[in-house]
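The structure appears below as structure tokens.
The values are calculated or read from the model by the stated rules, or taken from the named source; none is laboratory data. Every value quoted in this text rests on a predicted model; they were computed, and no experiment measured them. We place every Cβ from the backbone using ideal geometry, glycine too, and count neighbours over all the protein chains shown. For the accessible areas, the whole protein counts, side chains as well, though only heavy atoms, and no ligand, DNA or RNA atoms are used. Shrake-Rupley method; radii C 1.70, N 1.55, O 1.52, S 1.80 Å.
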Amino acid sequence: MLKTVLMTMMMMAMVPATAQEHRQGGGQSASPEDVNVTTDVVEENGFTRFDVREDFTENGFQWFHEAELLAAGDREKSNAMTIGWGGIGTLWGRTALTVYVAEKRYTKEFMDEAEYFTVMAFDVEQSKILNYMGTKSGRDGDKAQALGLHTAYTANGTPYYTEASMVIECKIMYAAPFDPQYFKSDAPKRMYANFPAGVHTMYIGEVVNAWRK
């Protein structure tokens, strides 16, 4: 019995290091974090990851005013809409991005169920894409398909379009509708006095990923 054990130990010692490294995944034991690492499909579609805290060069006061695209959902079903309101900054020690979706918008159904959402900018045919996404409802058909956009998904399963020039992925930290009793100026009162889509819900998301071409 002892002889068999000794022979087994000697044979294991003779196994080439490369073979052992192959079994272990490159020569190092995988930590719990390593096990969860996956190749990001966004980068496979021609995007490069960047740090919004260091390399976001857009004017935060103008970026949303010029309109961007908001998307939410999953691999089974998703929707996107044009947004002209938003905010970029910090909250609770996190890099944050805030978006607003009116009560009767189709995208709100997806935002209320989502854990993540994406905000996208476009360089090519931006006006055409944003105009269509802002005037058509996803209840009436697949808007992305109508525009010839290709839907893909981040490692978190968040939808985005491969034609975008920038994709920012956020994890929702807080969501709540505006309460009219707390409107302190005439601006929101006038806004909702004749706004058929209803009061907006605010979604504050922590920026967890950002890519651009």
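Share of region 126-196's accessible area from carbon and sulfur, percent, 1.4 Å?
For region 126-196, the apolar C and S fraction of the accessible surface comes to 49 percent.
Report the net charge of residues surrounding ALA146, where surrounding means a beta-carbon distance below 14 angstrom and charges are Lys +1, Arg +1, Asp -1, Glu -1.
In short, 0.
For region 63-183, restrict the atom set to alpha-carbon positions and state the Rg and Dmax in Å.
13.9, 43
Leaving out ligands, DNA and RNA, and with a 1.4 Å probe, what % of the accessible surface on region 42-107 is carbon or sulfur?
Carbon with sulfur: 41 percent of the solvent-accessible area.
Can you give the three extents of the C-alpha atoms in region 92-146 along their principal axes, from longest to shortest, in whole Å?
Extents along the principal axes: 39, 27, 17 Å.
Grab the other residues whose beta carbon is less than 13 angstrom from that of GLU66, score K and R as +1, D and E as -1, and report the net.
It works out to a net charge of -3.
Alpha carbon centre of region 76-123 versus region 138-213: separation in Å?
3
Cα-based Rg (one decimal) and Dmax (whole number) for region 148-206, in Å?
16.6, 43
How long is the gain from GLN62 to TYR106 if the chain were fully straight, where each residue apart is worth 0.36 nm and the alpha carbon distance is subtracted?
13.3 nm
I'd like to check one number: the per residue accessible area of region 107-213, probe 1.4 Å, reported in Å² as a whole number.
About 52 Å² of surface per residue is accessible.
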